[in-house]
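Below is one structure, written out as structure tokens, with a few remarks after it.
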Amino acid sequence: NVSTLYAQNTKILGKITNAKSKLANVAIPTNPISEDDENFAGYIEGDGSFVIHFDISEPTICRFYHADDGVPIYIRPNDKLYLEVDARDFQATIRHSGQGSSPNNFLRDYHKKYGLTAVNRSIAKEKVRLPKTSYRQYVDQERKEKKRFLKNFSLNHPLSRAFETLIEDKIDYEWAVKLLEYPFEHSFHSSANSFEVTDSYFDFMNQLKIQNTPAINIPEYQEVVSRYIHRKFKNSIVHSGYNKDNYYVDLFRFSKKHLRDKPLFFIQAQAILDACTYGKVELVRSQFADYKSGVPYPKYVKALKEVYEKSAKLGAGRTAPDFQLKSITNKMISLKDFKGKVVYIDFWATWCGPCLQEFQFVDHLKKHFANRDVVFLYISVDQDEGVWQNFVLGRGLNNGIHVRANGLTSKLATEYNLKGVPRYMIIDKFGNIADSNAKRPSEKGVIDDIEKALNSITSQY
């Protein structure tokens, strides 16, 4: 099916010498929610010539590629871009001409100078070791250099104002992402103690264009708008009585105050997707219904629907997927073995620091529910059975039922939509999910939640 974004009036044509495969390709980002690209290809003839036919209704930065190499390109509706390249040295030899060539020659030069080459990665790794003030000076200077590079290029080559604006914004988002990532990267790569990150550190985000529909498919913009909205929302709920179970529902609503059109729909979809993975999916049911009926972009809705409907099967009140896993004592364990009892499931791994920290809080739960119909089931996602066995037995953790699923790509992890650990669930006496994202052993209220499931006389939640 050809989406409404496309007709067949735009084309990329040219010649690839020393071709490594039979196809020349263009990948057009169409959906920031699924991160899917729409791919079009042209057959490379014996003389190296090719033509790729497609169309777009709005300008976009996409990717032209052949075999295992590629470059960013900028395409407008009805462009007829001509390019030549030697596949033996793709980056050094690509040349653009014809309609739309100027912005693409800029992107080529910009990509060569500032792209994620091995040299630039090495420089970036060294720079994040700098103290905060020195690093800020470095990224500020790089931002100025990039904008000067754009200005100097535009003096000798015609660039549309729309393209210049898009690149100026892209430069700003690249700058912002480096500052956003600096606290973690600095602590990771530097032997010095990490600095305290205060709210004032993030004041640089006030310089950015947050509502920016033309930039929706730029990855740096996606990160910036997401981090901005999350941070602004968290600052609005800083009080002790906030119920964090409502986080994604409230974020969905909050985003309407600050965004519109595609950026809004991107953040709202992200809120629902995060609820599916990290929250209680049953709480965003009405938000998904609003999204499905109110968003005018079918691809956005389709991408969200695929994830939501799968995750909704794991909402409170739904039957928990059964499984059979081998225990630490080599006994096959099934979830249905525990019908008539409440099961507190702890998904964990030996390599997960937060998981291990929670073990110290488990004893008080077990003492509280001693001699009652509560089972503590530990499901490790370790791939190495020996490491798991040695850890559990060596640490004396075998006070409970320990089983192992083979990694985060295992059948069980897929059926439970497990994207990371730790994660906790409460299964009721009827084999249904009582809490799709239960509190950790260390969290206040976990005993009350288990008691609620234990005392329930119905399978509905």
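Just so you know, all these numbers are worked out from the coordinates, no wet-lab data involved. As the structure is a prediction and not an experimental result, all values here were calculated from the model. Because the Cβ atoms are built from the backbone with ideal geometry, glycine has one as well, and the counts that use them run over all protein chains shown.
One chain, two ends: Glu126 and Ala67. Fully extended at 0.36 nm per residue, the span grows by 18.1 nm beyond their Cα-Cα distance.
Label positions at Ser49 and Asn390, each projected 7 Å from the Cα along the C-beta direction, are separated by 6.5 nm. For Asp203 and Ile447, a Förster radius of 41 Å and the Cβ-Cβ distance give a FRET efficiency of 0.50, rounded to the nearest 0.05.
D by Stokes-Einstein for the chain, Kirkwood Rh over Cα pairs, 4 °C, 1.567 mPa s: 50 µm²/s. Each other residue within a Cβ distance under 9 Å of Gly315 adds +1 if Lys or Arg and -1 if Asp or Glu, for a net charge of +3. In the chain, helices alone account for a calculated mean residue ellipticity at 222 nm of -13000 deg cm²/dmol, with every DSSP H run of four or more residues adding -39,500 (n - 2.57). Once both labels are positioned 7 Å from their Cα atoms along Cα-to-Cβ, the gap between Asn455 and Gln99 label points is 7.3 nm. The Cys residues in the chain with no partner Cys Cβ within less than 4.7 Å of their Cβ are Cys62, Cys276.
Does the range 198-253 classify as rounded, prolate or oblate by the C-alpha gyration tensor (a ≥ b ≥ c root eigenvalues; a/c under 1.5 gives rounded; else a/b over b/c gives prolate, otherwise oblate)? Cα axes put the range 198-253 in the oblate bin. Think of the chain as having a plus end and a minus end, set by charges on the Cβ of Lys, Arg, Asp and Glu; of Pro183, Ser101, Tyr228, Tyr228 sits farthest toward the positive end of this dipole.
Between Lys411 and Thr117, the simple label model (points 7 Å from Cα in the Cβ direction) yields a spacing of 5.0 nm. Once you reduce the range 299-326 and the range 114-132 to the center of their Cα atoms, the two points are 41 Å from each other.
Each Lys and Arg adds +1 at its Cβ and each Asp and Glu adds -1 at its Cβ; summed about the Cα centre, the chain shows a dipole of about 440 debye.
What is the calculated FRET efficiency for Asn39 to Thr350, with r their C-beta to C-beta distance and R₀ = 56 Å, to the nearest 0.05? Computed FRET efficiency for Asn39 and Thr350 comes out at 0.90. In the range 314-461, a dipole from Cβ-located charges (positive for Lys and Arg, negative for Asp and Glu) runs towards its positive end, and of Trp348, Val421, Asn371 it is Asn371 whose Cα lies farthest in that direction. With contacts defined as alpha carbon pairs under 8 Å and 6 or more residues apart, what's the relative contact order of the chain in percent? Across the chain, relative contact order equals 10 percent.
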